[in-house]
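A short write-up of the structure that comes next.
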Amino acid sequence: MEYNESYVDGKTILIIDDEPDSLEVAETLLEDLDVVVLTATNGAEGLAIAIEKQPDYVISDLSMPEMSGWEFIEAMKKDRATMEIPVIALTAHAMPNDRVKAIAAGFHNFLTKPLNPETFVNDFIRVVVE
């Protein structure tokens, strides 16, 4: 199913990933939409940006140095200022149980790496809408 880009028009999206290539691909693809894209290279930096900028959505890698995506979601859900922001997990470790574990930890939904440039925007909008 194709999702309409209007679901995210005018929204602010924070992408957190320690892999420069994944970060750049996601940023470039999302910038083609009518959105503001913020980036961070680790969970601690991402948390500071989330608290300050209050993005509409966050896409966070799970395996990162300094503060993992697991630690990041725990901190986001404990803070009244950020607890309602939907956070989408992003990982290369896409075992069937990983999605269940991510949702149980507080993630809104789950995307897998490597990002597919042909489907990433639709995949992102799909997980936002679900």
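Every number here is computed from the coordinates shown, using simple stated rules; none is lab data. Because the structure is a prediction, the values reported are computed rather than measured. Virtual Cβ from ideal backbone geometry, glycine too; neighbours counted across all protein chains shown.
From Cα pairs below 8 angstrom and at least 6 apart in sequence, can you work out the relative contact order of the chain, rounded to a whole percent?
Values: 225 pairs, mean separation 31.8, N = 130.
Relative CO of the chain lands at 24 percent.
Averaged over residues, the count of other Cβ atoms within 10 Å places the peptides 102-111, 25-34, 54-63, 75-84 in the sequence 54-63, 102-111, 25-34, 75-84, highest first. Placing a pseudo-label 7 Å from each Cα along the Cα-to-Cβ vector at Glu84 and Asp21 gives an inter-label distance of 3.9 nm.
Overall dimensions of the chain, expressed as equivalent-ellipsoid semi-axes from the Cα gyration tensor (√(5λ), whole Å, largest first), are 20, 17, 15.
For Ser63 and Ile51, the difference between the fully extended length at 0.36 nm per residue and the C-alpha to C-alpha distance is 2.2 nm.
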